[in-house]
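S.K.: Could you have a look at this structure, given as structure tokens, before my questions?
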Amino acid sequence: MTPQIAARQEIDNDMFWFGNTLVALRARTSGSQDGVSIVEHRMPHGEAPPLHIHQSEDEYFHVLEGVMRFEVGGKIVIARAGDTLTAPKGVPHRFRVDSILGARCLTITKGGDFESMLIEMGRPADREDLPPQQAPTPDMIQALTEACRRARIDIIGAPLA
């Protein structure tokens, strides 16, 4: 089997903003026989998704830069560049970016639900930088909750303080 390498041009076309983060799809489920997705996230200090459960996919986080505090199944773990953490499907988890300069991580899943939710809720990035920061409105929270439900991701609590 010949390895496939995505051209830089293809990668740039898969970059978008999701909430207050810059997201790049590095490997899409559609390009893998096993349905693996690799997503790179660039996140500002304080970025913190709500407590949630993936019903259909394990979620692997590999920290590239910065410090992130995770809560997985009620246990707190501090992860730094080079660390990898697993949030198994069916287990509540959330994280918070603790480093002042933000963080970069890869999120690896298999199956496409998480990837499809990111694409649905993403918006075009007009530059390779973080988007203008904004607090989520009630309408944005409702739209995210519905998109997550369609992707078999249940939001069950608040972000990590």
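The values are calculated or read from the model by the stated rules, or taken from the named source; none is laboratory data. Computed from a predicted model, the values in this text were never measured in an experiment. Here the Cβ positions follow ideal geometry from the backbone for every residue, glycine too, while neighbour counts run over all protein chains shown.
Residues checked against (1) without any contact (Cβ under 8 Å) to a residue 40 or more places away in the chain; (2) hydrophobic (A, V, I, L, M, F, W, C):
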site: ARG28; (1), (2): no, no
site: SER32; (1), (2): yes, no
site: ILE38; (1), (2): no, yes
site: MET43; (1), (2): no, yes
site: GLY46; (1), (2): no, no
site: PRO50; (1), (2): no, no
site: HIS54; (1), (2): no, no
site: GLU71; (1), (2): no, no
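S.K.: Sticking with this one: Hey, GLU120 hits all of (1) free of Cβ contacts under 8 Å to residues at least 40 places away in the same chain; (2) surrounded by 19 or more Cβ atoms within 10 Å (Cβ to Cβ); (3) in contact with a helix residue (DSSP H, G or I) (Cβ under 9 Å, 6 or more places away or on another chain) but one; which does it fall short on?
M.R.: (2)
S.K.: Somewhere in the stretch 126-133, is a residue at pLDDT 95 or above and among the basic types (Lys, Arg)?
M.R.: Among the residues of the stretch 126-133, not one is at pLDDT 95 or above and among the basic types (Lys, Arg), which makes the answer no.
S.K.: Just to check your reading of the model, which residue among GLU115, GLU128 is surrounded by 15 or more Cβ atoms within 10 Å (Cβ to Cβ) and in contact (Cβ under 8 Å) with a residue 24 or more places away in the chain? Walk me through it before giving the result.
M.R.: Numbers: GLU128 fails: surrounded by 15 or more Cβ atoms within 10 Å (Cβ to Cβ).
GLU115 is the lone residue from the list that is surrounded by 15 or more Cβ atoms within 10 Å (Cβ to Cβ) and in contact (Cβ under 8 Å) with a residue 24 or more places away in the chain.
S.K.: Any idea which of PHE70, PHE18 is closer than 21 Å to ILE119 by Cβ and buried (at least 19 other Cβ atoms within 10 Å of the Cβ)?
M.R.: Numbers: PHE70 fails: closer than 21 Å to ILE119 by Cβ.
Of the residues listed, the single one that is closer than 21 Å to ILE119 by Cβ and buried (at least 19 other Cβ atoms within 10 Å of the Cβ) is PHE18.
S.K.: Test of understanding: among THR29, THR84, THR21, which residue is farther than 18 Å from ILE155 by Cα, of a type in the set (S, T, N, Q) and within 13 Å of the chain's Cα centre (by Cα)? Can you show your working first?
M.R.: Values: THR29 fails: within 13 Å of the chain's Cα centre (by Cα); THR84 fails: within 13 Å of the chain's Cα centre (by Cα).
That would be THR21, the only listed residue that is farther than 18 Å from ILE155 by Cα, of a type in the set (S, T, N, Q) and within 13 Å of the chain's Cα centre (by Cα).
S.K.: If the requirement is being surrounded by fewer than 15 Cβ atoms within 10 Å (Cβ to Cβ) and among the basic types (Lys, Arg), which of these qualifies: LYS89, LYS110, LYS75?
M.R.: Step by step, each of LYS89, LYS110, LYS75 is checked, and only LYS75 is surrounded by fewer than 15 Cβ atoms within 10 Å (Cβ to Cβ) and among the basic types (Lys, Arg).
S.K.: Here is a further query. If you scan the stretch 134-161, which residues turn out to be in a loop (DSSP other than H, G, I, E, B) and either under 17 Å from the mean Cα position of the chain (by Cα) or surrounded by 14 or more Cβ atoms within 10 Å (Cβ to Cβ) (or both)?
M.R.: Scanning the stretch 134-161 gives PRO136, ALA151, ARG152, LEU160.
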